[in-house]
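Visitor: The following block contains the structure, expressed as structure tokens.
What follows is calculated from the coordinates using simple rules that are stated; it is not laboratory data. On a predicted model such as this, the values are computed, not experimentally measured, just so you know. Cβ atoms come from the backbone with ideal geometry, glycine included; neighbour counts cover every protein chain shown.
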């Protein structure tokens with residue numbers, strides 16, 4: 001086992017007008033991901049806290065969108081008959097259909113609920129159970145139609161800061177014959193780790209994090225929840241599903257656990273006056289490079305004085321930043337998973 005947690009402590013000294021021009025030292029910590037070796041910056045200053053944004057006006061103006069119940073079965077696309085003879089896939093409130101503007105070989109949308117807008121504390125495990133179930137059924141049917149679609153992601157972009165153009169809560173299901181950059185980095189790194197150590201990286205990581213106790217949140221069934229040592233986004237929470245080499249083998253128990261964990265994370269975000277987020281469930285069908293892993297991050301809250309959280313560091317230097325120490329995040333979010 002060679003799980004290494006590398007970090008570098010940097011100090012910047014200046015005469016601060018906030019402290020009567022006295023000399024101060026501002027710390028920054030650079031962390032190296034133990035798997036990909038990608039670096040993240042932990043900054044100790046942050047924007048002042050914001051009040052919760054009132055979305056009532058925005059929700060009222062945009063109500064009656066294409067995903068609302070009076071339109072979703074009339075104005076959304078249908079799958080071709082060879083894939084889904086009935087046109088769309090419905091489970092509970094969730095409705096799955098092809099994306100009119102797909103970003104891959106197979107692009108689908110899953111509307112989560114009939115309500116046009118939900119605040120983060122209004123999402124329920126049942127909604128995500130139904131949404132994930134529809135997503136998995138889409139994947140199963142698409143693979144029967146095109147077995148070359150071996151790389152899948154189930155993701156959610158919530159609100160404008162998260163990249164969503166529609167307020168109504170929905171998931172994206174994207175499948176391709178080639179992996180995304182992130183999938184490839186993770187697969188290559190885990191394969192290299194296994195070749196060197198003859199063990200599975202994720203299993204070693206979970207065992208190490210459990211022993212250290214600083215960033216491990218909880219284990220529920222086969223799903224292990226933890227906070228990244230070197231996060232790629234704000235307030236990043238991760239889950240690794242053990243004993244599953246394919247997204248297609250997920251059972252109802254794992255779906256329920258993942259749904260509850262997502263909702264637990266959203267409740268924490270809501271308590272911190274956050275309102276926008278992204279999550280991705282990475283699913284690779286290649287048994288030689290299994291990957292079944294979930295990440296969820298918060299985005300800069302939508303507000304009148306909105307500030308984008310992607311700077312030149314992220315988009316031009318591939319250097320990711322976080323404004324909270326992962327260990328602090330873990331202490332704060334752990335009670336939400338009990």
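Visitor: How large is the helix-only mean residue ellipticity at 222 nm for the chain, computed as the sum of -39500 (n - 2.57) over DSSP H runs with n ≥ 4, divided by its residue count, in deg cm²/dmol to the nearest 500?
Guide: After summing the helix terms and dividing by the residues of the chain, the value is -8500 deg cm²/dmol.
Visitor: Tell me the angle of helix 181-197 to the major Cα principal axis of the chain, expressed in degrees between 0 and 90 and rounded to the nearest ten.
Guide: 70
Visitor: Return one number: the angle in degrees, 0 to 90 and rounded to the nearest 10, between the long axis of the Cα atoms of helix 252-271 and the longest principal axis of the Cα atoms of the chain.
Guide: Helix 252-271 sits roughly 50 degrees off the main axis of the chain.
Visitor: With everything on Cα atoms, drop me the angle between helix 201-212 and the longest principal axis of the chain, reported from 0 to 90° to the nearest 10.
Guide: Around 50 degrees separate the two axes.
Visitor: Related question: So how far apart, in nm, are the two label points at residue 36 and residue 103 if each is 7 Å from Cα heading toward Cβ?
Guide: Those two pseudo-labels are separated by 1.5 nm.
Visitor: Highest mean first, how do 148-156, 70-78, 4-12 rank when packing is the count of other Cβ atoms within 10 Å averaged over residues?
Guide: 148-156, 70-78, 4-12
Visitor: Could you work out which residue, out of 15, 90, 281, moves most in a Gaussian network model of the chain, that is, has the largest mean-square fluctuation with Cα springs under 10 Å?
Guide: Between 15, 90, 281, it is 15 that shows the largest mean-square fluctuation.
Visitor: Quickly work out the residue 311-to-residue 332 label distance, labels modelled 7 Å from Cα along the C-beta direction, and quote it in nm with one decimal.
Guide: My value for the distance between the label points is 1.9 nm.
Visitor: What residue among 215, 295, 196 shows peak mean-square fluctuation when the chain is described by a Gaussian network model with Cα springs under 10 Å?
Guide: Sorting by GNM fluctuation, first place goes to 196.
Visitor: Let me ask something else about it. Modelling each spin label as a point 7 Å along the Cα-to-Cβ direction, I'd like the residue 52/residue 214 distance in nm, to one decimal.
Guide: 3.4
Visitor: Kindly state, to the nearest 0.05, the FRET efficiency for residue 248 paired with residue 165, given R0 = 35 Å and r defined as their beta-carbon distance.
Guide: 0.70
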